[in-house]
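Written below as structure tokens is the structure these notes are about.
Laboratory data are not the source of any read-out in this text; all were calculated from the coordinates shown. Note that this is a predicted model, so its numbers are computed, not measured. Don't worry about glycine lacking a Cβ; one is built from the backbone with ideal geometry, like all the others, and counts go over all protein chains shown.
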Amino acid sequence: MELSRVDAIIERNGSRGASLLAILQDVQDEANYLPREALEHVSKRLELPLARVYAMATFFQAFHLEPRGKYVCTVCMGTACHVRGAARLVEQLERDLEVKSGGTTKDLQFTVEEVNCVGACALGPLVIINGEYHGTMTADRLTKTVEGLKKAEGGTR
Amino acid sequence: MTRIGKASELAAYRAELLKKRPADAKVVAVCCGTGCNAYGAQKVYAAFAAELAKQGVKDWALRSTGCHGFCERGTLVVMFPEGMLYQRVKPEDVAEIVEKTLKGGETLERFLYDDPVTGEKHRLEHEIPFYKHQERLILGQNGQLNPESIDDYIALGGYLGLAKALEHGADWTLEEVKKANVRGRGGGGFPAGKKWETCRNAKSDKHYVICNADEGDPGAFMDRSVLEGNPHSVIEGMIIGALAIGSDEGFIYVRHEYPLAVKRLEQALVEARGLGLLGEKILGSSLSFDIRINRGGGAFVCGESTALMASIEGRVGEPRAKHINTAIQGLYNKPSNLNNVETWANIPLVINRGAEWYTSIGTKGSTGTKIFSLVGKVNNTGLVEVPMGMTLRKIIFEIGGGIPAGRKFKAVQTGGPSGGCLPAEKLDLPVDFDTLWNEGSMMGSGGMIVMDDRTCMVDVAKYFLGFLKFESCGKCTTCREGIRRLHELVTAVTEGRATEETLQLIEDLSETVEAASLCALGTTATNPVRSTLKFFREEYLAHVKERRCPAAVCKTLIRYDINEKCTGCMVCAKRCPQKCISGERKKLHVIDQSKCIKCGICLDVCKFDAVEVK
Amino acid sequence: MTLNLTINGVRVEAEEGESLLDVARRNGFEIPSLCHHEAVAAYGACRLCLVEVTKGGRKKLTTSCNYEVLGGIEVVTESAAIRRHRAMVLELILAEAPESATVKALAAEYGVTRSRFAASGAGEDRDGCILCGLCARVCAEVVGANALTFRKRGDNRQMGTPFVEEPQTCIACGACAWVCPTSCVGFDEQNGERKVHRWKRSLPLAKTEKGHAFAPQFQLFHFRKLAKLEADFYKKAPGER
Ligand SMILES: Cc1cc2nc3c(=O)[nH]c(=O)nc-3n(C[C@H](O)[C@H](O)[C@H](O)COP(=O)(O)O)c2cc1C
Ligand code: SF4
Ligand code: SF4
Ligand code: SF4
Ligand code: SF4
Ligand code: FES
């Protein structure tokens, strides 16, 4: 990520300690993760210890310090989804993509994540793939959906 | 957009709007709430727009609205003024609906709601049992307005409460809210008027008004629905609060998982500023107040008041000791009044229709309505708004339509991770703040998760502990280590590795976690495990003594088998990731238990009910 | 303003703004603690300094380190319930720092000699750290180096340096090691080098004109800046002046 873009984000949110969370969110929105140089730059520009910026970046679940895949598959782990079997969906993704939850495939195609409820409980169990909601999911349909995405990528995996 | 310079001019502005939209105007409203969107509501809306144009329909207006609550049946389409509801509408159905229903006046039976219990069909939205027993003071407007239009809100009487409050002044407004006894909808049930008064009386050059829209309770989505479906109701409530408290700056702290809510709020703030409802000299009065939006970062603990304020200040969401109330010393150490989304949305109603009317709804100690997200193993999932004091039974069985697939009700979980599970014997309890608290559960923000006999209560306790050990901020020993250890112990129960001593240790440790943790996340964290131990002890003992999970959920203790209903279709054998199902075409299949990882796929894919789990 | 309160039935005086823990200790009442140090702000993490406070007829358990005294309160520093909770807290802590002499001794005072909880088992190994946060507070508030921080949350929480690397702002002063209640930081000086083991920081020691090695270059630079001292101030060691 180019630092000039970080600068633009800082300008937009105000160069104050109180803007730290918003700045990191905007950086992540643009880069899909929080690149180290961006964090160091924010620390310098806001005159905040790097330790504080780093604490913020690791405290919130929304932030990622590593690049993520082209397809982010997020399984909702809210209570409603849980009683309808969400845990099995995570296991299924882990098997299908050969990656642990929270991780990204080596080819940077897929990331498997869990979220503690997105507030679409009536649709549970729910998997969100790049922002698109897939409701009342089953392990079997999930496999097919993922296979479809893999195929669309030219079967590189 | 022109600013409305005086409170009295708001009525005139509204009259102009109403002229353009008579009460009997024909409107087709497509629910574009999050649930319906997931079913493709945007496409349905687009299809309506295209079809209305193509078929030259001029007398029907089209409106995209917020969530109607009946997410189970999306995409929902309601035709006003009559209020006929079509459910499960797909984009490809739209041409026919426009032609036959909108133009031809014909009712298309197949889109009507059919009651899963009685088999009856219902035409009108408010006749459906799901809606009939509700009292939708807050949610009702969601279906009638476009959340991106301030004019829609004003046409329905929006901002009249603010005008009235400005006219009567801050003291009257505060008194009215106190008299109405509005209790906080975010969990604690603390009287809002009392909090406002404490904050207003705290001497300071600055007072803040904050809206808690962090909605971290897994299994609750009423705040999301209000923010996305009727953002102005929250904003109006906050402006009225600012008047009563004497504040000039407000914040709305929204979960990052709710991008649509952020977008709607941003737009609503711009529109409100444009009309002079926010900013300097609101409606020409001496009140100046503006609101900023803060996005959360995905941390449940940030819903806690001190953590939320730390987060607005740009620090990590760690709670601090609250020996002095945040209403006196909160954000930047200034008096700060924090209320939940739904609490704020109640305020315009209270002011508009008066405390007397408001207290006539609900019970003496808990006035007004409460929105619940009725989810889990229940037929009609969605958002329901009922007067306080309705029994659990009525909510779950009459509104919710009971338990699906003929299974048996087992428990209902209320209050999220801080709440508890109540068994069938408690179904006739009235739902209000105090009753639930006395039963070891809590109203919480209004998550209501129904569980049937296929839900394992030990697993549920484990689920909440797993949630909380991850969501604890990690500061206190008792919360961080205590919850982690409780999770370990309960996991041992689910894996058949526990003894009765384990259960005793769970109880003792729970007591310390509750007594010695710093914030309410820790002090209430043990409610799920304690309430299940109290009401479902037998089920814990079955895991401990017989190494058996009666609900057939806990993986270590269950097995999958194929029974004689198997037709030998071979589907399971093909899909099994372990390739551990053998059998020939048209012959009974068998699972090799030594290889089975209990993923449950065979159960999912079998069309003949031949896979059993025990 | 002087405030009057009672501790275990004894009337004591305190100044406004003082912490209950400090007031109690000054008056000879013992309260255990692991995350408190008078040089830094109270934090309230270990939960050992629990006491019972009665205010306006309402009794509650609270930690004393972060409780600002109020006039008229009645405080009890020991009771069966308090002892039971402290023992449980110590059992939790002992599982994290089974080697720490301080923790073992304190636990023994409460009758805890072994923990029923499995050894650590936290998300990442914490190696004897009980996450009291003292090191980071001292480093930020006293030293001003801000080299340390908590990372992550919940049971994944860890104490450490940004990016878990040698901290570039650490001056190897050793304050963190000195204040750590479980002695898990580790600090030594050998062959002209000072090492802070846990943070993987090592800095060469500066030599005075007379050739004594007494403090890392970087530390001296940092102190010079803080105290606005002359550039050659540390050419002499304190003892040589
Ligand atoms: C761990 C924790 C999480 C909370 N999460 C929320 C939340 O998501 N939304 C909310 O309104 N209140 C939440 N609360 C309650 C708030 O601290 C606070 O009591 C509430 O916002 C006050 O508003 P009310 O009086 O209108 O309910 C939470 C409390 C705790 C301890
Ligand atoms: S109780 Fe839990 S969430 Fe609250 S401050 Fe302590 S560790 Fe953090
Ligand atoms: S549960 Fe999974 S692994 Fe076991 S037999 Fe069925 S499909 Fe195969
Ligand atoms: S040795 Fe380094 S980390 Fe420790 S207190 Fe000193 S500067 Fe901070
Ligand atoms: S290293 Fe020591 S001082 Fe620092 S948090 Fe861990 S136990 Fe406390
Ligand atoms: S000394 Fe008070 S909580 Fe640790």
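Between 0 and 90 degrees, rounded to the nearest ten: what's the tilt of helix A:50-59 against the longest Cα principal axis of chain A?
The angle comes out at about 20 degrees.
If the chain between C:GLU99 and C:ASN4 were fully stretched, how many nm would it gain, using 0.36 nm times the residue separation less the Cα-Cα distance?
30.0 nm
Please tell me which of these pairs span more than 23 angstrom C-alpha to C-alpha: B:LYS54/B:LYS100; B:LYS43/B:LYS100; B:LYS410/B:LYS462; B:LYS469/C:LYS152; B:LYS58/B:LYS132; A:LYS150/B:LYS574?
B:LYS58/B:LYS132
Starting from the alpha-carbon convex hull of the range B:559-613, give the projected area averaged over all orientations, in nm².
Result: 3.0 nm².
Output needed: percent of Cα pairs per 5 Å distance bin for the range A:72-157, bins running from 0 to the one holding the longest distance.
3, 16, 29, 27, 15, 7, 3, 0
Can you give the calculated 222 nm mean residue ellipticity of chain B, where each DSSP H run of n ≥ 4 adds -39,500 (n - 2.57) and the sum is split over every residue, rounded to the nearest 500 deg cm²/dmol?
Details: 22 runs with 228 residues, N = 614.
The helix-only estimate for chain B comes to -11000 deg cm²/dmol at 222 nm.
Rounded to the nearest 0.05, what FRET efficiency do A:GLU66 and C:VAL142 have when you use their Cβ-Cβ distance and R0 = 30 Å?
Rounded to the nearest 0.05, the efficiency is 0.30.
Any chance you could run the full-extension gain for B:ASN563 through B:LYS179? It's 0.36 nm times the residue separation minus the Cα-Cα distance, nm to one decimal.
Full-extension gain reported as 131.9 nm.
Per q in 0.09, 0.11, 0.12 Å⁻¹, report the Debye log10 I(q)/I(0) for chain B, using one uniform scatterer on each alpha carbon and no solvent.
-0.79, -1.12, -1.28
Under 16 Å from a point 7 Å along the Cα-to-Cβ line of B:ASN438: which residues of the range B:381-412 have their amide N that close?
Only B:389-392 fall inside the zone, counting backbone N under 16 Å.
With +1 on each Lys and Arg Cβ and -1 on each Asp and Glu Cβ, how big is the dipole of chain B about its Cα centre, in debye rounded to the nearest 20?
Value, rounded to 20: 1120 debye.
Over 5 Å intervals from 0, what percent of Cα-Cα pairs in the range C:2-78 sits in each interval?
3, 17, 31, 28, 16, 4, 0
Using the basic label-point model (7 angstrom from Cα toward the beta carbon), what is the C:THR208 to C:VAL164 distance in nanometres?
4.1
Placing +1 on the Cβ of each Lys and Arg and -1 on the Cβ of each Asp and Glu in the protein assembly as shown, which of C:MET159, C:LEU203, A:LEU3 has its Cα farthest towards the positive end of the resulting dipole?
Of the options given, the answer is C:LEU203.
Considering every pair of different Cα atoms, what Kirkwood radius, in Å, is found for chain C? Let's see the in-between values first.
On the way: mean 1/r = 0.0496 Å⁻¹.
20.2 Å is the Kirkwood radius here.
Given N residues in the range C:123-162, what is its alpha carbon radius of gyration divided by 2.2 N^0.38 Å?
1.16
Taking a temperature of 37 °C and a viscosity of 0.692 mPa s, what whole-number D in µm²/s does Stokes-Einstein yield for the range C:134-236 with Rh from Kirkwood over alpha carbon pairs?
Rounded to a whole number, D works out at 228 µm²/s.
If N is the number of residues in the range B:158-359, what value comes out of its Cα radius of gyration divided by 2.2 N^0.38 Å?
Output field value: 0.93.
For the range B:92-174, with equal point scatterers placed on the C-alpha atoms only and solvent neglected, what are the log10 I(q)/I(0) values from the Debye formula at q = 0.27 1/Å, to two decimals?
Debye curve over Cα of the range B:92-174, log10 I(q)/I(0) at q = 0.27 Å⁻¹: -1.13.
Say a site is exposed when it is one of the GluC sites (Glu not before Pro), sits in a DSSP loop, and has at most 12 other Cβ atoms within 10 Å; what is then the longest site-free stretch of chain C?
Looking at chain C, C:100-164 is the longest stretch - no exposed GluC sites (Glu not before Pro) with at most 12 other Cβ atoms within 10 Å.
Quickly work out the B:ARG110-to-B:GLU127 label distance, labels modelled 7 Å from Cα along the C-beta direction, and quote it in nm with one decimal.
That separation, rounded to one decimal, is 2.1 nm.
Using the basic label-point model (7 angstrom from Cα toward the beta carbon), what is the B:GLU92 to B:GLU148 distance in nanometres?
The modelled label-to-label distance comes out at 2.8 nm.
Please state the Cα pair-distance histogram of the range A:3-59 with 10 angstrom bins from zero: what percent is in each bin?
Computed distribution, short to long bins: 26, 67, 7.
Per residue, what volume in Å³ does the Cα convex hull of the range C:26-146 take up?
Value for the range C:26-146: 137 Å³ per residue.
HN-Hα J couplings of the range B:157-169 from phi, Karplus 6.51/-1.76/1.60, θ = phi - 60°, integer Hz, Gly and Pro as x?
x, x, 6, 5, x, 4, 4, 5, 4, 4, 5, 8, x
If the viscosity is 1.002 mPa s and the temperature 20 °C, what Stokes-Einstein diffusion coefficient in µm²/s follows for the range B:409-477 when Rh is the Kirkwood radius over Cα pairs?
In µm²/s, the coefficient is 168.
For chain A, what size does the Cα cloud have along each of its three principal axes, sorted from largest down, in whole Å?
51, 36, 23
Within the P(r) computed for the range B:298-385, what percentage of the Cα pairs occupies the region above 17 Å?
Working: 2472 of 3828 pairs.
Considering the range B:298-385, 65 percent of its Cα-Cα pairs are separated by more than 17 Å.
Please work out the FRET efficiency for the pair A:ILE129 and B:ALA46, using the Cβ-Cβ distance as r and a Förster radius of 25 Å; give the result to the nearest 0.05.
With R0 = 25 Å, the Cβ-Cβ based efficiency is 0.70.
Going down the list B:LYS377/B:LYS587; B:LYS20/B:LYS103; B:LYS195/B:LYS334, which pairs span over 24 Å between their C-alpha atoms?
In this structure, B:LYS377/B:LYS587 lie more than 24 Å apart at Cα.
Tell me which aspartates and glutamates have Cα within less than 18 Å of B:LYS614's Cα, excluding those fewer than 8 residues away on the same chain?
By straight Cα distance, B:LYS614 reaches B:ASP452, B:ASP453, B:ASP459, B:GLU495, B:GLU538, B:GLU539, B:GLU546, B:ASP561, B:GLU564, B:ASP592, B:ASP604.
Count, for each residue of C:88-98, the Cβ atoms from other chains sitting within 10 Å of its Cβ, then give me the mean as a whole number.
4
How compact and how long is the protein assembly as shown, expressed as Rg and Dmax of its alpha-carbon atoms in Å?
30.3, 105
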